[in-house]
1. For chain A, set up a GNM with springs between Cα atoms under 10 Å and report which of A:S162, A:S62, A:S129 has the largest fluctuation.
2. Cut-off 10 angstrom, C-alpha nodes, Gaussian network model of chain A. Which of A:M109, A:M159, A:M54 fluctuates the most?
3. What are the ³J(HN,Hα) values, in whole Hz, obtained from phi via the Karplus relation 6.51 cos²θ - 1.76 cosθ + 1.60 with θ = phi - 60°, for each residue of the range B:116-127 in sequence order, with x given for Gly and Pro?
4. Going by amide H atoms built from the backbone, whose H comes under 5 Å of the H on B:A113, apart from near neighbours?
5. Say each of B:S72 and B:D35 gets a label point 7 Å from the Cα, pointing the same way as Cα to Cβ; how far apart are those two points in nm?
6. Which whole-Hz couplings ³J(HN,Hα) result when phi for each residue of the range A:140-149 is put into the Karplus expression 6.51 cos²θ - 1.76 cosθ + 1.60, θ = phi - 60°, listed in order with x for Gly and Pro?
7. Cα axis of helix A:154-178 to longest principal axis of chain A: angle in degrees, 0 to 90, nearest 10?
8. Can you tell me the convex hull volume per residue for chain A, based on C-alpha atoms, in Å³ to the nearest whole number?
Amino acid sequence: MELSVEELVSRARLHDADAFAELIQRFEGVALAVAYAQTRNAADAGDIVQEAFMRAWQRLDSLDDPSRFAHWVSRMVRNLAIDLRRRRKALPLDDSFDPPDSMPGASSMEIAEQKKQIDRAIRSLDELSRECVTLRYYENLASKEIADLLGITAAAVDMRLSRARNQLKDRLKPFFEEV
Amino acid sequence: MRNHDIEELIREDLVEKLDPQKGRAKQHFTHQVIDPMDRHLVRAQTASLRPKNLVLIGVAMLVCVVAGMYLSRFMPAAKPVAEVKPPVEIAPVEIVAIPSDYEHAHLQHMIDAGPVRTSDNAPARIIRQEQLDRYNWVDPQTGGTFTYLLPSTNEYVIEAHRQ
């Protein structure tokens, strides 16, 4: 029988590392989605999630409501992402540059270009909308679940998702119709 | 372009980028926390078994000793490995006496060995006297020269009021 989040947190608080590993397993996707929305870089998102869960393990006693574990970790992820951005402010990176995986052929060049356009379109969204999009389309979360994680209403999530879809469509339409 | 197409494109893009990152956090946690805890647990278990092992070994040794004592009653008496023979008498060694005509030299020096307290807790000083007596003589039978050295040390405790 699958243990509830509250039970896993209670066990983890008693230094049950396996229970905490189960929490990581359950919420790593959510944390990655939040981290990616913030950093717009998959490797950085992976680093931040790794660090966030280690901090969560060390500070588990400060979690007031065990049922809000995912929300708590997401907040930690967001803070770590902000720290990373601050550290890198002194050396800004060119967001438009995406190194190719290999020397592209004609069709792989098209695919690479498509990916670049999708990436740019997602980056063009504001932070909160980006989080809604990544949580919905990567983790398949319902609006209510996303709302709980982000601390907004489900209606606000729906509205942001709808706007984001329209914005993405506008940005991608010309390119994909050309292709 | 339909909403569904957009959603599929985004989904594919996110899966392609984020799936390779999945599992990193758990692996890191396992490496940093679970593995060291397991190693600690194994050490603790090993340590907790040690006293038990010692008790078992002690009991086994005791059983062996008691069994040996009990069985020795039924064993034939032990025979000596070899007979012990009385010691052979050796001719007495003749000690050559120092003849009356010898040369004698006496050397000595005094060393201040520092302050001490006597048993009455009175302040005192130790003076060490080191001496060397040397005797030389010629054996009239063999014509050989003999030298006999006799070192000796004396210590004197001199109380402060006598100094």
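Derivation of every value follows stated rules applied to the coordinates shown; laboratory data play no part. In this text the structure is predicted, and so the values were computed from the model without any measurement. Here the Cβ is made from the backbone with ideal geometry for all residues, glycine too, and neighbour counts use every protein chain on show.
1. A:S62
2. So, out of A:M109, A:M159, A:M54, the one fluctuating most is A:M109.
3. Result, rounded to whole Hz: 9, 10, 7, 5, 8, 6, 8, x, 8, 9, 9, 10.
4. Close amide H contacts, sequence-distant or interchain: B:I126, B:I127, B:R128.
5. 5.6
6. Once θ is set to phi - 60°, the couplings for the range A:140-149 become 6, 7, 6, 4, 5, 5, 5, 4, 4, 5 Hz.
7. With rounding to tens, the tilt is 30 degrees.
8. Dividing the Cα hull volume of chain A by its residue count gives 147 Å³.
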